[in-house]
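Trainee: Here it is, the structure in full.
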Amino acid sequence: MLDGKVAVVTGGTRGIGFATVKRFLENGASVFLLGSGEESVGVAVAKLRAEDPGYQVDGLWPNLSDAAEVARAFGTVRGRYGRLDVLVNNAGIAAMDSIYSYRPEDFARIMDLNVTSVFTCSQAAARLMKEQGGGVILNTSSMAGLYGQSTGCGYPASKFAVNGLTKSLARELGRDGIRVNAVAPGVIDTEMMAGVPETLLAPVVARIPLGRVGRPEEVANAFLFLASGMASYITGAVLSVDGATIG
Ligand code: NAD
């Protein structure tokens, strides 16, 4: 579904991002995965190359909210392949802080990674995509970006912002042939979820109509579809992949 395409996936070292990198590789794409440091990026790239030595996969670890570092990283992608077809803005952190004790620096930190990085990476990608006549930008939102959550308000605030960027950039970039969509996962079995206290998680899981949490691969499948030509008339959408979970 992605033969000959070049993709960048942020937060590609594990969880939903890693599953998406793998799906893209299985479907013929060349991928640069972006992570938070040299070691985790190296491990993820080595793991994928060990699975299939034919996979075209590399890694970089720019500070994602620093526009200059991001521009350099995307320059490396262009230097290697001459183009960029798909960007997945997936890197993100969660929050559980109560509003009564939430430290302003922690609120700023989550906005930096979950929102500013979507802006910086989308800007760098859009510049390349416009020049080549089109592309696809995809964002990882969350069901918390539709319903809010009862603690850690910075997280839903950041994901509502991701939805706003998705819908606005879809309108701004459509004429340049660039589609912009988001996927809003529900409860997915990753390290991020492993950090959520059982007392908070159990009532949410009990309300999942499909009766189970989701797998990273099930989110990756949605990204594959939206990245592909099968989704050629879909832009500005926020696709829930949540088993119909009620926030
Ligand atoms: P995860 O913690 O397993 O993975 C997070 C990824 O982000 C990792 O690759 C990590 O290296 C990267 N990352 C973290 N800090 C970074 C930084 N400062 N710079 C660069 N990369 C950084 O979590 P996950 O569940 O796979 O989350 C991926 C995305 O999915 C996030 O945006 C998250 O908000 C979203 N999401 C997850 C769930 C869930 O239930 N797991 C639900 C809804 C949305």
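The values are calculated or read from the model by the stated rules, or taken from the named source; none is laboratory data. Note that the structure is a prediction, hence the values are computed from the model and not measured. Neighbour counts run over all protein chains shown; Cβ positions are idealised from the backbone, glycine included.
Trainee: Restricting attention to region 135-146, which residues are assigned to a strand (DSSP E or B) and either near the ligand (Cβ under 10 Å from one of its atoms) or in contact with a Phe, Trp or Tyr (Cβ under 7 Å, 6 or more places away or on another chain) (or both)?
Mentor: LEU138, ASN139, THR140
Trainee: Only one residue in ARG14, ARG72, ARG83 is within 16 Å of the ligand (Cβ to nearest atom), over 30 Å from MET143 (Cα atoms) and basic (Lys, Arg). Which one?
Mentor: ARG72
Trainee: I'd like to know if region 21-32 contains one or more residues that are farther than 25 Å from SER232 by Cβ, within 16 Å of the ligand (Cβ to nearest atom) and among the β-branched types (Val, Ile, Thr).
Mentor: no
Trainee: I'm trying to understand the selection: among the residues of region 88-110, which are surrounded by 15 or more Cβ atoms within 10 Å (Cβ to Cβ) and under 23 Å from LEU34 (Cβ atoms)?
Mentor: Answer for region 88-110, where residues must be surrounded by 15 or more Cβ atoms within 10 Å (Cβ to Cβ) and under 23 Å from LEU34 (Cβ atoms): VAL88, ASN89, ASN90, ALA91, GLY92, ILE93, ALA94, ALA95, ASP106, ARG109, ILE110.
Trainee: Let me spell it out: the conditions are (1) at pLDDT 95 or above; (2) within 27 Å of ASN27 (Cα to Cα), and CYS153 meets all of them except one. Which number is the exception?
Mentor: (2)
Trainee: Can you tell me which residue is nearest to LEU224 (Cα to Cα) among those in region 26-67 that are among the aliphatic types (A, V, I, L, M) and part of a helix (DSSP H, G or I)?
Mentor: Ranking the candidates gives LEU48 first.
Trainee: Name the helices (runs of 4 or more DSSP H) wholly inside region 147-235 in which the number of residues that are surrounded by fewer than 18 Cβ atoms within 10 Å (Cβ to Cβ), among the aliphatic types (A, V, I, L, M) and within 15 Å of the ligand (Cβ to nearest atom) is 1 or more.
Mentor: Filter on region 147-235 gives 191-194, 198-206.
Trainee: While we're here: Quick test for you: out of ALA108, ALA68, pick the one residue that is out of contact with any Pro (no Cβ under 7 Å at 6 or more places or on another chain) and under 22 Å from GLY164 (Cα atoms).
Mentor: When all the criteria are applied, what remains is ALA108.
Trainee: Within region 191-204, can you find the residues that are more than 14 Å from the chain's Cα centre (by Cα) and not charged (D, E, K, R)?
Mentor: MET193, ALA194, GLY195, VAL196, PRO197, THR199, LEU200, LEU201, ALA202, PRO203, VAL204
Trainee: Just need a number here: residues in region 43-57 that are within 15 Å of the ligand (Cβ to nearest atom) and crowded, with 18+ Cβ neighbours inside 10 Å.
Mentor: Number of matching residues: 4.
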